[in-house]
Structure formats: structure tokens, C-alpha cells
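Asks: Take a look at this one; I'll ask things after.
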Amino acid sequence: MEPSFFSLDEARQLLRAPLTALRHELHAHPERSGQEVETTRRLRALLSQPPFELLPLPVETGLVARIRGNGPGKRVAIRADMDALPVQEWAGNLLQSQVPGVMHACGHDMHMSFAYGAGLLLGRHRDSFPGEVLLIFQPAEETGEGAQRMVDAGVFERYPVDYIVGGHVKPELPEGQISVRTGPVMAALDGIRIDILGKGGHGACPHACRDPIVAASAVVLALQTVVSRTTEPSKTCVLSICCIHGGETDNVIPDRVVLEGTLRTVDREQRIACIDRLRTIAVSTAAAMGCEANVLIHRGMPLVVNDEGTTEICRARATALLGADQVTVLPVDTVSEDFSVFAQQVPGCFIHVGTRAPGTDFYPLHSDRFCPSDELLPLGAAIYAEMAMGLLHEREERR
């Protein structure tokens, strides 16, 4: 096994204090998607100092910074997301949001700290690598809009990169372990809206109506066959109807019911097949009940796909840093991520970093109790830096 470029001891000694301070500040002042003004300001102040160089990009929130190496070479990007969720934090967490109803319940405070810490590590060793590293801090990951905003603003046209890496904290994994997999990593997301149109009337006279509530109920049940009868058992797929809106009072049958939900697929052909079957089932089931169904599919985040060559290098570097027993391969995640937008533009690798400490209760992402330990901060930063360094030395790595 090749030796690692960095050591966890060095990372902990150098980064524990600054990353803990940054993470606490970010956690205390979360901002929702597209509103990351103060988060951008805080990061901009840090990234205006050596070894960083701020780079111009016409976005309201988000930013890009650079660490130069010792001469010409490749350019590797490290991506972090910035936004928080509309969640009221549990009062028992060790860290507390100071913004009512908003919380970093998805760990983006950790991701920003990882990226900043990786930049500090790389800056300390800038004489030992060619090329340069970009830190891309993007807004609005939770709404699936932020990565595309950065692309539309010309981030890769202004600053072309050879590779991009990113990651996400993962409470299902033990603290300090990481998952690195080639190919599909996180599911594609499609939003679903189905309008069931009927004929309303008196609740005591359903025979004179075309009841959209009964039709909507039949559609919801029938849609459960989309996964079981369209998708191969070996492939992951999720279809969930999460909202039903219809009616105003207990004695009036409404004219309309609206269903909303989400489809998560891990294969392009599967995605097309499931959407086609969903439309057919919704329209035909509603028609059988004397109603009409209008189906609207909102194409959301695409599938996150890790490039084989890039991931091979990142896995080797993570193994060198952490040891083979700390690097695993998780199944494809049904959660979606707009890192996928970057990975469609540039060869990329997206990893998961475990957060579950021994003897602690499990709380999932988006829970009001999700609050990983600060002890992970130097480790996450070191993994990002190690992957970036391996890609900067790509020719040597492939020998």
C-alpha cells in the first residue's frame, strides 16, 4: 500500500481548533436554501486570507476559492454545500441553532468545515503538489438548485477543472468509516403531482358526483405496483405519495384532489419505465372511477454517478489514510444530491463519511436531533485533502 500524503495526527493538531470554531459558528447561524448571505460572508472572510485566493463568480450566495501548488498541473475541485433546513433543533443537542425553525439537520456545517480544513492542509503542503485546488461552496442543495446555479454562472467555464470530489455525512455508518463506490451512488429525484378531477356535490348524494377522493385513494394504492411490477428486484427504487390535498369540510365532495410525491431511481432506463407506468396507472385508474388524472413530473436532481478512474484513485488514497478496514462500499442511496450536476460536467467522486459514535442512539439526516461530533472534522478534512492530492498526482497514482 502506498503511504498517505497526510496523517490524521497532523490533521488533528492543525485543524481541531479552527474547524471546531467554524463549525460552531455555522451551526449557530444556519440559513435556508438561497438565503446563505451571512454564511457566504463568513466563509469569504476566512477565504480572503492565505493560503486561499478568492475567485470572482457572479452568484448572490456561494463562492469559489483557490489554493495554488508549486507549478503547472491539474486542477481539482472540492465541493461543499451551505444551506440548512426548516427544522426546529432539539433542545438537547450539544450545539444549538440561534435561528428559530432553521437547523443544519443535514450536516452541511460539517461539509463546509471539511472543505475549509482540506484547504488549510493543502495550503500547508502547497510546495508538494503541482496544479491547484478549487473550493466550491454552493448554495441551495436541499432544493436541488444550487449546483446548477454555479454551473450557469460559469464556474467551469471560468475555472475548468479535471476532477471534482465531494461527500456527505452518513449516520448509518460508524464514526470515522467512509464509503466509496464506483458508478451510481445516489438516486435520481423526480417530483410527482397528480391532479384528480371529478365532479363535486353533497356528501349525502355521492351518486350525483364523480368523487375524486375515492379515485385518488384508488390511484395511491395502484401506484404501489409501480416499484414491485416495473423494477427488477435487484435494483433500488422508491415511489412515495407524501401529500394529499382535497376537500374543505365534512359534507361536501370536492371537485379536485391533488397528490404529491417523490420517485427515486438508480438507473436511467428504470427512471423512464417507472414514469411511463406511473402515468398509465394514474390516468387509467382515475378514468375507471369516472374522473380525470393530469400527471405532472418535475425532473429533479439526476443520478449521482462516480467516475471509475477518479473513484479508483480516491479509494486508494482513502485506504492509505485510514486503512482498508475503515473503507467500505454502501448500497446505492435513495437520497438524492445535486453534486450529480457537477459530476455530469466533470469526472467526480462522491463519498459518505460515517458519523455514528459507539453507544449513541441513531438519528437520521433531517432529524432535529442529528448533530455529529466535532471529532470528525479533522478526519473529514484530511480525507478531502488526501483525495485531492491523489488526483493532482494522477499519473503517479495510475502506475
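The values are calculated or read from the model by the stated rules, or taken from the named source; none is laboratory data. Fair warning: this is a prediction, and the values are worked out from it, not measured in the lab. Cβ coordinates were reconstructed from backbone atoms using ideal geometry, including for glycine residues, and neighbour counts include every protein chain displayed.
Asks: Is it the case, given these coordinates, that Gly92 is in the same structural domain as Leu43 (by TED's automatic domain parsing), surrounded by fewer than 16 Cβ atoms within 10 Å (Cβ to Cβ), over 23 Å from the mean Cα position of the chain (by Cα) and not charged (D, E, K, R)?
Replies: Taking the combined requirement at face value, the residue satisfies it.
Asks: A further question on this structure: Residues in the stretch 278-288: is at least one touching a helix residue (DSSP H, G or I) at 6+ places or on another chain (Cβ under 6 Å), surrounded by fewer than 19 Cβ atoms within 10 Å (Cβ to Cβ) and among the charged types (D, E, K, R)?
Replies: No, the stretch 278-288 contains no residue that is touching a helix residue (DSSP H, G or I) at 6+ places or on another chain (Cβ under 6 Å), surrounded by fewer than 19 Cβ atoms within 10 Å (Cβ to Cβ) and among the charged types (D, E, K, R).
Asks: Quick one: how many residues across the stretch 339-361 are at pLDDT 95 or above, outside any strand (DSSP E or B) and more than 24 Å from Lys74 (Cβ to Cβ)?
Replies: 0
Asks: Take Pro233 and decide whether it is out of contact with any strand residue (DSSP E or B) (no Cβ under 9 Å at 6 or more places or on another chain) and exposed (fewer than 14 other Cβ atoms within 10 Å of the Cβ).
Replies: Yes.
Asks: β-branched (Val, Ile, Thr), in a helix (DSSP H, G or I) and assigned by TED's automatic domain parsing to the domain that holds Gly71: does that describe Val165?
Replies: no
Asks: Something else now. Taking only pairs six or more apart or across chains, which ones have beta-carbon atoms under 8 Å, a first residue in the stretch 232-259 that is closer than 30 Å to Pro184 by Cβ, and a second residue that is assigned to a strand (DSSP E or B) and of a type in the set (Gly, Ala, Ser)?
Replies: Matching pairs, first to second residue: Leu239/Gly261; Ser240/Gly261; Ile241/Gly261; Cys242/Gly261; Cys243/Gly261.
Asks: Assess whether Ile78 counts as being under 16 Å from the mean Cα position of the chain (by Cα), part of a strand (DSSP E or B), of a type in the set (A, V, I, L, M, F, W, C) and more than 21 Å from Val37 (Cβ to Cβ).
Replies: Here the answer is yes, as Ile78 does meet what is asked.
Asks: Give just the number: which of (1) part of a helix (DSSP H, G or I); (2) touching a helix residue (DSSP H, G or I) at 6+ places or on another chain (Cβ under 8 Å); (3) β-branched (Val, Ile, Thr); (4) surrounded by 18 or more Cβ atoms within 10 Å (Cβ to Cβ) does Thr40 not satisfy?
Replies: (2)
Asks: Which residues, taken from the stretch 112-130, are part of a loop (DSSP other than H, G, I, E, B) and out of contact with any Pro (no Cβ under 7 Å at 6 or more places or on another chain)?
Replies: Correct list: His125, Phe129.
Asks: While we're on this one: If I filter the stretch 355-364 for residues that are among the acidic types (Asp, Glu), out of contact with any Cys (no Cβ under 6 Å at 6 or more places or on another chain) and either without any contact (Cβ under 8 Å) to a residue 60 or more places away in the chain or under 23 Å from Asp333 (Cβ atoms) (or both), do I get at least one hit?
Replies: Yes, there is a match, as at least one residue in the stretch 355-364 is among the acidic types (Asp, Glu), out of contact with any Cys (no Cβ under 6 Å at 6 or more places or on another chain) and either without any contact (Cβ under 8 Å) to a residue 60 or more places away in the chain or under 23 Å from Asp333 (Cβ atoms) (or both).
Asks: Those residues that are of a type outside the set (A, V, I, L, M) and outside any helix (DSSP H, G or I), I need them from the stretch 97-111; list them, please.
Replies: Hits for the stretch 97-111 are Ser97, Gln98, Pro100, Gly101, His104, Cys106, Gly107.
Asks: Turning to a different aspect of this structure: Taking the conditions exactly as written (of a type outside the set (Asp, Glu) and under 14 Å from the mean Cα position of the chain (by Cα)), does Met186 satisfy them or not?
Replies: yes
Asks: Taking the conditions exactly as written (assigned by TED's automatic domain parsing to the domain that holds Ala91, among the small types (Gly, Ala, Ser) and over 19 Å from the mean Cα position of the chain (by Cα)), does Gly144 satisfy them or not?
Replies: no
Asks: All but one of (1) out of contact with any helix residue (DSSP H, G or I) (no Cβ under 6 Å at 6 or more places or on another chain); (2) more than 26 Å from Met112 (Cα to Cα); (3) not in a helix (DSSP H, G or I) hold for Ala293; state the number of the condition that does not hold.
Replies: Exception for Ala293: condition (1).
Asks: A further question on this structure: Residue check: is Asp325 of a type in the set (Asp, Glu) and part of a loop (DSSP other than H, G, I, E, B)?
Replies: no
Asks: Among the numbered criteria (1) at pLDDT 95 or above; (2) over 20 Å from Glu260 (Cα atoms); (3) not in a helix (DSSP H, G or I), which single criterion is violated by His207?
Replies: (3)
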